[in-house]
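Just below is one structure, and these are the notes that go with it.
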Amino acid sequence: MQPPTETVTSNEIMPRQTEVVVIGGGIIGVSTALFLAMAGVPVVLCEKGEIAGEQSSRNWGWVRRMGRDPRELPLIVEAIKIWEDLSRMLGEDVGYRQTGILYACENAGDEAQREAWLRAAGPYSLDTHMMRGQSLADLLPGAAKPWRSGLYTPSDGRAEPQKAAPAIARAAQRQGAVVLQQCAVRGVETTSGRVTSVVTERGPIACKTVVLAGGIWSTLFCRSLGIRLPQLGVRASVLRTSPLDGPPGAAWSSQFAYRKRLDGGYTIANGSENRAEITPDSFRYFMDFLPLLKIEGRHLQLRFGRAFFDRWRLERPWALDDVSPFEHVRTLDPDPVETTLDKAYRSLTRVFPRFSEARIVQRWGGMIDAMPDTIPVISPIDVLPGLIVGTGFSGHGFGIGPGAGRLLADLALGREPIVDPSPFRHSRFHDGSPIRPFGGV
Ligand SMILES: Cc1cc2nc3c(=O)[nH]c(=O)nc-3n(C[C@H](O)[C@H](O)[C@H](O)COP(=O)(O)OP(=O)(O)OC[C@H]3O[C@@H](n4cnc5c(N)ncnc54)[C@H](O)[C@@H]3O)c2cc1C
């Protein structure tokens, strides 16, 4: 079930031509459209369902530098600068607050891992530091069980996922972008090997550049164009509670993660258990993901079942004048894994007994678009000039989203990129580069 997400009114008329078409109305697509429109570029955003219907409304809402892969740190620094000014820029409050994020350390091993990140992050770690004793206890009012220590970043924070992408889409419209919902893109057309149009379910739109920000659907879209993009889905589960006078900010431990919401309730999840359904892609990309499986495998519940056959049926090739898989699934709405959430809530209530007074208002699932090295692809595609891909944010694309949108807009415009985009190049998967998953947090 989808969390209550703000709505966006689609533009009525679909232009027959534009400069850039953005595929996907998650935080990445809408941010790209906003920065393009702000630069005065004609842009049309096509979303097969509703703006923020998939991951971008379902996430925890954490906006953090802490624990990031060092390759992403320059971009998250830029993203946070955008978040700091975003509510003013959009003319509405998207809930961005620097409320602090804490990673709990339960033993010496946890502590060593966090300290290693602090060293690796070097100048980017900013105000991150280890907390112990009374200063740690002060961050956790009402905690019945003290943690050994915690890595804390006061200037990390959160925004509201159910507000942010819709507000950005509305602002993009005000700047001149056209936003079309219930408008799947089935594929692209090319002339002399270059993109010249997209074909939507409502007909073609001629364009010079296409930005694919399709979340978990990007791998299938790319495969239909003969482009290999190793990406797999991981099902994550979340619940939210009624308002409660509990701990401020957000914290992660191996059993649970919580984040205080703007509405006074909490967004809660299991700290480390996620589920991966085995699909045909699991076999296609097995070797790409093997190194990551070795690091993260113990946190993943692998399941073989209906999902394999559903996905296999969905993936059959389609013609551009035929209904595509993207129209068959307007909004991917996976069931939450109840046992995982129950376990997390029980552990949370043991540490903070006050949570037993809260009511669980809603539970939902979301499908994370994971890459073998857990960093995204933000990159032109060498074999198909005119196509730029922004996907694979591997469970942490909400916070970095406005920065990634800015970078994608830079790439589409051919202007100086806001950060060096080379760590995110698509070619790393076929140019012999070592694919290194980040063993951090
Ligand atoms: C449970 C959960 C918790 C998370 N917590 C955090 C967190 O705390 N902090 C953080 O930074 N990140 C978090 N993330 C990750 C974050 O939500 C994602 O990385 C981010 O939202 C990705 O945005 P996106 O725009 O790439 O994808 P999405 O939001 O998935 O959007 C992609 C959109 O593309 C559309 N689409 C696809 N194909 C087509 C097509 N052919 N035509 C038209 N439309 C198409 C889809 O319908 C979809 O709406 C979490 C994710 C989950 C699931």
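The values are calculated or read from the model by the stated rules, or taken from the named source; none is laboratory data. Nothing here was measured: the structure is a model prediction, and the numbers come from that model. Neighbour counts run over all protein chains shown; Cβ positions are idealised from the backbone, glycine included.
Cβ-Cβ contacts under 6 Å between residues 6 or more apart (or on different chains), taken from a first residue in the range 44-57 that is over 21 Å from N11 (Cα atoms) to a second residue that is near the ligand (Cβ under 7 Å from one of its atoms) and assigned to a strand (DSSP E or B), are listed as Q55/G366. Quick one: is W117 buried (at least 16 other Cβ atoms within 10 Å of the Cβ) and either over 30 Å from the mean Cα position of the chain (by Cα) or more than 27 Å from Y96 (Cα to Cα) (or both)? It is false that W117 is buried (at least 16 other Cβ atoms within 10 Å of the Cβ) and either over 30 Å from the mean Cα position of the chain (by Cα) or more than 27 Å from Y96 (Cα to Cα) (or both). Within the range 152-168, restricting attention to residues that are in contact with a Leu (Cβ under 7 Å, 6 or more places away or on another chain) and of a type in the set (A, V, I, L, M, F, W, C), which residue is nearest to G29 (Cα to Cα)? It comes out as I168.
Can you tell me which residue in the range 248-273 is nearest to T339 (Cα to Cα), limited to those that are among the hydroxyl-bearing types (S, T, Y) and in a loop (DSSP other than H, G, I, E, B)?
In the first step, residues of the range 248-273 are kept if they are among the hydroxyl-bearing types (S, T, Y); the result is 253-254, 258, 266-267, 272.
Next, only the ones that are in a loop (DSSP other than H, G, I, E, B) stay: 253-254, 272.
Values: S253: 18, S254: 16, S272: 13 Å.
Restricting to residues being among the hydroxyl-bearing types (S, T, Y) and in a loop (DSSP other than H, G, I, E, B), the top hit is S272.
Within the range 144-155, identify whether any single residue is surrounded by 15 or more Cβ atoms within 10 Å (Cβ to Cβ), farther than 17 Å from S254 by Cα and within 16 Å of the ligand (Cβ to nearest atom), and answer yes or no. Walk me through it before giving the result.
First pass over the range 144-155, keeping only residues surrounded by 15 or more Cβ atoms within 10 Å (Cβ to Cβ): 147, 149-155.
Subsequent filtering for residues that are farther than 17 Å from S254 by Cα retains 153-155.
Subsequent filtering for residues that are within 16 Å of the ligand (Cβ to nearest atom) retains 153, 155.
Checking the range 144-155: at least one residue is surrounded by 15 or more Cβ atoms within 10 Å (Cβ to Cβ), farther than 17 Å from S254 by Cα and within 16 Å of the ligand (Cβ to nearest atom).
With respect to being more than 18 Å from the chain's Cα centre (by Cα), part of a helix (DSSP H, G or I), more than 11 Å from the ligand (Cβ to nearest atom) and of a type in the set (A, V, I, L, M), L411 fits the description. R194 - would you say it is out of contact with any Leu (no Cβ under 6 Å at 6 or more places or on another chain), surrounded by fewer than 23 Cβ atoms within 10 Å (Cβ to Cβ) and either closer than 30 Å to T331 by Cβ or at pLDDT below 95 (or both)? Answer is no for this residue.
Filtered by the rule that a residue be within 11 Å of the chain's Cα centre (by Cα) and either more than 16 Å from the ligand (Cβ to nearest atom) or assigned to a strand (DSSP E or B) (or both), the range 368-377 gives I368, D369, A370. Regarding G365, is this residue over 18 Å from G271 (Cα atoms) and within 16 Å of the ligand (Cβ to nearest atom)? So G365 fails the test. Selection of the range 128-182 for residues being touching a residue at least 60 places away in the same chain (Cβ under 8 Å) and of a type in the set (K, R) yields K145, R158, K163, R170.
Residues in the range 9-23 that are over 16 Å from G405 (Cβ atoms) and aliphatic (A, V, I, L, M) were compared, and the one that is nearest to the ligand (Cβ to nearest atom) is M14. Restricted to the range 226-267, and to residues there that are in contact with a helix residue (DSSP H, G or I) (Cβ under 6 Å, 6 or more places away or on another chain) and of a type in the set (A, V, I, L, M), the residue that is surrounded by the most Cβ atoms within 10 Å (Cβ to Cβ) is L232.
A single member of G49, G26, G67 is within 14 Å of the ligand (Cβ to nearest atom) and in contact with an Asp or Glu (Cβ under 8 Å, 6 or more places away or on another chain), and it is G26. Checked against (1) more than 16 Å from the ligand (Cβ to nearest atom); (2) of a type in the set (A, V, I, L, M); (3) surrounded by 18 or more Cβ atoms within 10 Å (Cβ to Cβ), L180 passes all but condition (1). In this structure, R223 does satisfy being modelled with pLDDT of 95 or more, away from the ligand (no atom under 11 Å from the Cβ) and either assigned to a helix (DSSP H, G or I) or buried (at least 18 other Cβ atoms within 10 Å of the Cβ) (or both). Taking the range 294-309 as the range and being modelled with pLDDT of 90 or more and surrounded by 14 or more Cβ atoms within 10 Å (Cβ to Cβ) as the test, only F308 passes. Scanning the range 18-39 for residues that are hydrophobic (A, V, I, L, M, F, W, C), part of a helix (DSSP H, G or I) and in contact with a strand residue (DSSP E or B) (Cβ under 6 Å, 6 or more places away or on another chain) turns up I28, A33, L36, A37. Evaluated against (1) more than 15 Å from the ligand (Cβ to nearest atom); (2) within 24 Å of R158 (Cβ to Cβ); (3) part of a loop (DSSP other than H, G, I, E, B); (4) among the β-branched types (V, I, T), V383 falls short on exactly one condition, (2).
Restricting the range 386-396 to residues that are outside any strand (DSSP E or B) and crowded, with 24+ Cβ neighbours inside 10 Å leaves a set whose member that is nearest to the ligand (Cβ to nearest atom) is F393. When residues in the range 334-362 are screened for being more than 11 Å from the ligand (Cβ to nearest atom), of a type outside the set (A, V, I, L, M, F, W, C) and part of a loop (DSSP other than H, G, I, E, B), 2 of them pass.
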